[in-house]
Each structure stands twice: as C-alpha cells, then as structure tokens.
Amino acid sequence: MSRSRTRGPRSLAALMLAVVVVASGCSSGSKGAGSDGTKSKSLVVYSGQHEDLTQALAAAFEKESGITLEVRSGDDAGLVNQIIEEGDRSKADVVLTEEPGPIAQLDAAGLLAKVDSSTLAKVDSRFSPKSGNWLAWAARVRVMLYNPNLISEDELPKSVLELSDPEWKGRFAYAPSGAFVTTVNYLIDSIGEDKTLEWLKGIKANGVNEQKNGKVRDSVEAGQHEFGLANHYYWYILAREKGGEDALQSRVHYVDGKDAGGLVLASGAGVLKSSKNQETAQQFMAWLADRDGGQQIVAKDTPQYPTVDGVTSSYDIRPLSELDPPEFDQGSLSEGAKAKELMVKAGLI
Amino acid sequence: MTLGQSHRSTGSLRNHAPRLLSGAAVLVAVASLLPAVYLLLREGFSYRLLAEQLSAPSTLPLVWNTIQLLVLVGLSCVILGVGLAVVVTRTNVVFPTMWVVLFTLPLGVPAFVGSYTWVAASYRLMPTSTFIYGLRGAWIVLTLALFPYVFLPTVVALRGLDPAQEEVARSLGDSTLRAFMKVTLPQLRVAIAGGSLIISLHLLAEYGALQMLRFETLTTAVVARATVLGSPEAARALAVLLAVGAVGVVALDRLLRGPSSSAKVGASVSRVSMQWRLGAIRWLLLAVCIAVVVLSLGVPLYATLLGLWGYVGSGGATVDWSLLVHSVANTARYGLLAAVGATVVALPVSMISVRYPGPVATLSERATWVAHALPGVIVALSLVYVSVRWAYPLYQTSYLLVIAYVIMFLPLAIAAQQVGVAQASSSLEEISRSLGDGPWRTFRRVTLPLLLPAAATGAVFVALDVGKELTTTLLLRPTGQHTLATALWSTTEGEVLDFTAAAPYGVALIIIGAIPATVLARRTLRS
C-alpha cells in the first residue's frame, strides 16, 4: 500500500509529461492552407468521392500546375452539412461530390460561385445544372444488377415503375441512397406526386431495403435476391477486384427506353463563394474538365463516366453515347423537399 | 449550524460541496450538454417540425424498434455478463484469468467492423442466408459486442463482496444457489445498472452496425435524414427525441439503482469467496465460454484474416506502411489525450456525485450522459457550428477533435471514477483534514492516490471508444490526418467495407484495441 502511494503521484507526473509532449505535436495538422493570403499555391478540397480517386486527381494536378490539393474526405452529405454549418467561414475552396443532390443543396443555399463558362463548355451540357454554379465532371448510371442463376436478363422488368406490382414481391433489393432520392424526384416531375407515392409504397412492400448500393450488389451477387437497383460502377469495381467479370455471378442490365431506372447522374464540383482562392480554384475546375487533365484520371481510375466528348473509360462499361436515359436538370434536385416528404411518408426512410 | 442538523451528515466532512467543486461540476455538465442545446437552439428548429417528425408514419415503428433493441440487448447483456462473471469468479472452471481477458477483448472491436465481419462471414459460409439481418442479427451482434460493459464491473463487484453474508444465509439453511440469488445478486445491482446504462446509451447512438445489419432505429433514421435526404433540420428534430430517450434511460437507471448505492465493496474485504466445486456442469460451462469467445472474437478474426489473406495473396497489393504508422500514431495520440482530458474533467463530477449527493450533484452527473446517446454526426455538426462561430482557431485542429471525444465519452470516465471515490473512504480524508491539511492538499495526498486505479480504468474505457470512433472523427479531424478507423473507411470502395485493401487497418485496429482491453482485464483481476 505504501509503495503505491509514493508511486501514484510520480506516475501521474510522468503521464502529464507524456501528454504535454504528445499535445505539442498536435497542432501540426492545422497549418491552414489558403488562409495565408491569396498568393497561396494550395487549395483545400472537400471530397465525397473515394479517397483514392481524389488523391489521384490531386497528384496529377500538382504535377502539372505545382498547386497542392489538401484533400478532406468524407461522405457527400456529411461534407455538405459541414459546409452549411461552416457558412461563410468554410475552410473549403472546392467541393467534389459523388451525386448531384448534395452539391445542388449547396447551390440552393447560395454558397457556390459561378463556374467559368469556358470550363462548363467543355463537358456534356446534358449533365450541367441550369444555374451554372457547378461542374458535372463525372457521371454514373442507374442500372439493374441481376443474378442469372435466379433470373434471366429478358425476364427483368422493362421499367422500374413495374416494381410496385405484387408480381415482384420479395424478388429485388434497393437502397434509399442519394440516387434513389433523385429517382423519386424525377418521378414526381414525370408521373406526378400521387402516383409516385403509390410507387414508393409498392417498393417498400415488395423490395428488400439493403440500405446501401454496395450491399445491393453484394446480396445479389450472393444470390439473396434475383436483382437489385444500384449505380453501375459498384459492380465494375468488384469485377476488377475479383480479377474479371467472369469471376462474378451477377451481371449488369442497362435499362433502356428513357426509363426512370436508367437515370444518368452527375458528380459535381463547385467553388465555394467564401474561398479566398477563386482564381486558383477556377484553374483547378478548368483542369478537371479538361480532356488531357482530370478527365484522363476519371477514365483511368474509376468506372465512372468521363463527361467530356471523346474521352472513354478504361473500364468495359457501355459507352455514354449508347445509353438512353431520360433528360432532366441535374440542378433541380435540391428542390427535392417533396421527394423527401414522400419517402418519409411511404416509410422508406 | 445547529446540532439538530448534524444527524444528516453521513460521514462526509461537510454536507455542502465546496463552491469550487460544485462550480466545476456544473460547468462540465453544461459543456457536455452543448450538442443537445445545439439541437434546440440552432435556427431551423421548431416544435412544429418536431411534431411533424413525431407524427410521420415511420416514426412510431422506429421508436418501437429502438425500445425492442434496448430491452433485448440490455437483458441479454445482463444475463451473459453476470453469468460469465459468476463462472469466472465463483466456479472451478479452468483458466479463469484467460477467460476474463478473452471476455474483455470484444470491447476493442468497433461495432461497425464487427457487424461487417458477421455479414462477410455470412456471405461466405451461407451465401443466401438472411439469418443475420434485422432485429435478430442486431440483437446477437450487439450483445456479443457490448456484454463486457456488464461483465467487467460485475467481476469487480463479485470479487469485492464480503463472503460472510452468503455464508450466513447458507448456515440458515439456504442452498448455495438460493443464498447467491437472495444475498449476492441484489448487491450486484450497482454494477449491473452501471453497465446497462452504458449499453443502453451506446445502443441509442449506434448507427453503423445497425445499418449493416438492416435494422432501423431512431438513430439510423436521424442519420438517414441528415445524410441521404439532406434534411438536417428534420434530422435534428428527430434527434431531440433521442435526447429525450437518453434522459428517460438515465432516469430509469436512477430508479433501478435505488436511493442509496452504498454496497460495501473493495478495500476492506480481505477474504476471497469460496468457489463452487462443480462436477459435470463445469464442462457445460466451459463449452459456453468457448462458444462466447468463438462468436464474439472468432467471427471478426475469421473475416479479417480471410480478407488479409486474400489481399496479400492477390500479389499486386501493397500495404501503405507510412499511412498505417501515421494512423496508428494518431489513434494512440488522440486516445491518450482524450483519456487524460476526460479523466481530469470527470473528477469534479464523480467527486460531487458520490460525496455530496443532492440535486446539483445528481443533475450534473446525469446531464453528462445525454451526449453519449446522440449519434456522432450530430455531436460533430454541433461542434462545427459552435467552433466556426466562436472558436475559429480551434476548428479542424486536433484539440477540437479531442474535446469532442471528451464530450462523447466523459460518462465512461465518470462511472469508473465513482467506484473509486466510493472506495476511498471519506474518513481517511477527515483524518487528513484533522491533522491540519487543507482540502486541496488532502485531495492531492489522500483522495487522488486512492482514486487513481479507478480513474485509470475509466481512462482506458475512454481510449478504447476513441479508437473505435469514425463519424465524428471524419468531420472534425485536421485535414489530411487519419486514424485507423478513418484509414480503414477510406480504403473501402463501393460503400461497404471489404477486408481486402482495408484488411491491414482492420487487423491493426483490432490489435491496438486489444492492448487497452487486456490492460482493463488485468486491472479487473487485480482489483
């Protein structure tokens, strides 16, 4: 007992010392780029894209321009909420998202600066928002992933609208992701609110909610469902990881006929109004949209679609020109209050 | 002060807490309520919005799901935790020490990783089975992850109990089992209540595991509203309901504990309770112990090592050693800082709540639990909001991140310290005071050394949770910094974890979690 009494305070002192040493090395992460004036040759990028892809973009951009990108990775919605809470004191110069919804939300909150029109002119205009406040620098398409052991491709529903029919009960998986919200949004515009709500209730009753697109893929691959609704690239990522498409049980079905199940969704890039590095940020945006710049990285490092004409993906995906998606304003997605309300009403989320 | 009042004194030097102490405790409580206050005061909140969320058809089933999960996991953790504690302390089962360590190790596995490994194992072993999903899966996986929170304090309590009482009951004709149920079990009430409180609030805040296991609760709905729907207002309104739930759980815990929580534990007991010499049942219990370890540790290890094997085997893969070292160092650093921070900040609250019970003490102590029940994304956004407006230099520094950890995990430190303060008999303090030492000197020379082991236990609990934290870390970390949890997260493509590229970080996370868990087990055995 007496030994521990003398040892107590001494070990406490040692601990305190350790803490001071540790803490002193602590502020190293806070060297804020961009805060030290307009001449700064670095940008802070908040990115909802996969970190590997963003790092590849950063490395290529730095090599060409000498400008460093400090990447802060997260998921789309987390980062967008963060920027909204930061308000006009955001640390971000540029934001990259996976889906159009979240960046449209920033646009609606008035936090994005105009993108240079010469930059916007480089990409496929179908995917650009009408506001012109963000850049569609990559795209993904909604598909059906199916397991041929359970269902053949020609047995699949012709349209996602059929899925509210009892015929499909218990046979498919879905995930109430951002892309799903977009689909709902599009449906409200095309078939009206009442029919959309009915459809959502049907989905809730018939489908299995796998929560995430990645799990839709994995569960269809495992044979738990005949098919599932997801974004195309999840499947191609898995295929490359497993050493080829033949290593997988499941297959991709592209939905034709301008169906709501075949929407093409843009990944967005925007410059924050509050950024003190407007010029450098616009320089990055221009590079991101350039056929010899960022678009090459998109083509090489991810199964997402490059959005500049003439750049083709290194993945064996169906070319963008051969898809038959419905057209809509990607920027209108922030006005999805109705979609959200309906999804809550139908009990999907 | 009249003589008549002195009968209320129950051994402490004074009835009223020193101003400084109560001031500090209240300050800590108020600071820890910051995320809850943010929910109510952030512009965009209205009671109309709250009412709207409450009346949405999906809300009621979510509340019901949440309650079912709390009750089922809570009960099974108590049964498993107390049962295993009895087995290792009271029976002649082989290798009791080893079992204590093994039953503590699940604390080192983050729930979002643990649940993934179950799903991965299920895909691999029974591809088309959906056994692991829904309430059943959540019940099993979370029970196996959380039961140590009951197991550990129960082991401590059982080892500290005076065996004389049970012996008396038996001498009066009660059977061994009956004597245990009648005399010993009631004395475990504090340990069980403390453990279940931590488990309940953990469950209220749990997101990753439940999403993986496809079970929807209030918390998954809060996070889905904030992230998928992009309706932070709706998310905050629904989170208010979670905070109310936390207050309810905390109040219920108060009732369960009863008015006095003065079980005689610790220091003064010198005799060890007799062991039950079991016959054949012993082997059955051994089988149960093995089964618990296989399920709670074997499954995570199986899926992780399988992933690592596939990763290393795939040839082209390389481990990013510098990132691995960087994130191990950060995890350790943040864990240490938050543990020490929480320990220091918890002191006034644990002191006042044990030594000077009363409304101020109760409210301060109970208030610190609320943030523990809120999902990480809410805690993080509240700190983003507050620091950007009023403490900008702190924003996106490791200091703010550590502050967030302290707010989230403070109750773990307080709960552990309370045991220590209760054991550090106040009469020793009185002797010190009577010898002329001032209150501060008394605290430093008498109370603190006696309290230190319990405080260290609390610190280890905090460090363990810091290592497992993901959501808050993602939002508050300094740009470019990684912890093991964020490194693991960032290597996963396609939204779901897959232990290929992520495997090295998964293995490192489990190993680095095993160190504090082992320390905890050893401390428990020494107590």
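A few comments on the model shown:
- Tail fraction, Cα-Cα pairs, the range B:345-462, threshold 25 Å, whole percent: 36
- The tail of the calculated P(r) for chain A, taken as Cα-Cα distances beyond 39 Å, holds 23 percent of the pairs.
- Across the range A:238-251, rounded Karplus estimates of 3J(HN,Hα) from the backbone phi angles (6.51 cos²θ - 1.76 cosθ + 1.60, θ = phi - 60°) give 5, 4, 5, 5, 8, x, x, 5, 6, 6, 9, 7, 7, 9 Hz, Gly and Pro being marked x.
- The length gained on full extension between A:Glu62 and A:Glu279, counted as 0.36 nm times the residue separation minus their Cα-Cα distance, comes to 76.6 nm.
- Two-site FRET efficiency, B:Trp390 against B:Leu60, from Cβ-Cβ distance with R₀ of 45 Å, rounded to 0.05: 0.75
- Span per principal axis, largest first, for the Cα atoms of chain B (Å): 74, 63, 49
- Put a dot 7 Å past the Cα of B:Leu255, heading toward its Cβ, do the same for B:Ala164, and the two dots end up 3.6 nm apart.
- Here each label is just a point 7 Å from Cα along the line to Cβ, and for B:Val312 and A:Asp256 those points are 4.9 nm apart.
- Taking other C-beta atoms within 10 Å as the exposure proxy, A:Asp75, A:Asp309, B:Asp253 rank A:Asp309, B:Asp253, A:Asp75 from fewest upward.
- Look at the dipole of the range B:343-497 built from charges on Cβ: of B:Ala391, B:Thr442, B:Val345, the Cα furthest out on the positive end belongs to B:Thr442.
- Under 5 Å, built H, 5+ apart or other chain: amide partners of A:Val44: A:Glu70, A:Asp93, A:Val94
- Residue-by-residue Karplus 3J(HN,Hα) for the range B:376-393, coefficients 6.51, -1.76, 1.60, Hz, glycine and proline x: x, 5, 5, 4, 5, 5, 5, 6, 4, 4, 5, 6, 4, 7, 10, 8, 3, x
- Estimated translational D of the protein assembly as shown in µm²/s (Stokes, Kirkwood radius over Cα pairs; 37 °C; 0.692 mPa s): 114
- Computed log₁₀ I(q)/I(0) - Debye formula, equal Cα scatterers, no solvent, the range B:323-400, q 0.11, 0.13, 0.14 Å⁻¹: -0.44, -0.60, -0.68
- The protein assembly as shown, dipole about Cα centre (Lys/Arg Cβ +1, Asp/Glu Cβ -1), debye to the nearest 20: 5000
- Given +1 at the Cβ of Lys and Arg, -1 at the Cβ of Asp and Glu and no other charges, the dipole of the range A:46-118 around its Cα centre is 200 debye to the nearest 20.
- B:Ala280 paired with B:His16, simple spin-label distance in nm, labels 7 Å along Cα-to-beta-carbon: 6.8
- Sequence-distant residues sharing a close amide H with A:Ala138 (under 5 Å, placed H): A:Ser267
- The Cα-based radius of gyration and maximum Cα-Cα distance (Dmax) for the range A:111-250 are 17.4, 50 Å.
- In this structure, B:Arg124 and B:Trp440 have a Cβ-Cβ separation that, at R0 = 35 Å, corresponds to a calculated FRET efficiency of about 0.05.
- Farthest towards the positive end of the charge dipole of chain A, among the residues A:Asn147, A:Ala222, A:Ile67, is the Cα of A:Ile67, using unit charges on the Cβ of Lys, Arg, Asp and Glu.
- Each stretch of four or more DSSP H residues adds -39500 (n - 2.57); spread over every residue of chain B, this sum gives -22500 deg cm²/dmol at 222 nm.
- With θ taken as phi - 60° and the Karplus curve 6.51 cos²θ - 1.76 cosθ + 1.60 applied, the whole-hertz 3J(HN,Hα) list for the range A:158-165 is 6, 9, 5, 5, 5, 5, 7, 6 Hz, x standing for glycine and proline.
- Per-residue [θ]222 nm for chain A (sum of -39500 (n - 2.57) over DSSP H runs n ≥ 4, rounded to 500): -12000 deg cm²/dmol
- Excluding exposed DSSP-loop trypsin sites (Lys or Arg not before Pro) (at most 11 other C-beta within 10 Å), longest clean stretch of chain A: A:131-349
- The range B:412-527 gives an Rg/Rh value of 1.20, both radii derived from C-alpha positions and Rh following Kirkwood.
- For the range A:204-349, the calculated P(r), taken from all Cα-Cα distances in 5 Å bins from zero up to the bin holding the longest distance, is 2, 8, 12, 16, 18, 17, 12, 9, 4, 1, 0 percent.
- Of all DSSP bridge pairs formed entirely within the protein assembly as shown, close to 60 percent run antiparallel.
- The range A:72-147: Cα Rg divided by the 2.2 N^0.38 Å rule of thumb: 1.22
- Farthest toward positive dipole pole in chain B [+1 Lys/Arg, -1 Asp/Glu at C-beta], among B:Ala361, B:Ser382, B:Leu218: B:Ala361
- Paramagnetic label zone (point 7 Å from Cα along Cα-to-C-beta, A:Asp165; backbone N under 19 Å) in the range A:200-226: A:200-208, A:226
- Of the chymotrypsin sites (Phe, Trp or Tyr not before Pro) found in the range A:69-165, not one falls in a DSSP loop while having at most 13 other beta-carbon atoms within 10 Å.
FYI, it's all coordinate maths here, none of it is from the lab. In this text, all values refer to a predicted model and were calculated from it rather than measured experimentally. A quick note on method: Cβ atoms are made from the backbone with ideal geometry, for glycine too, and the neighbour counts reach across all protein chains shown.
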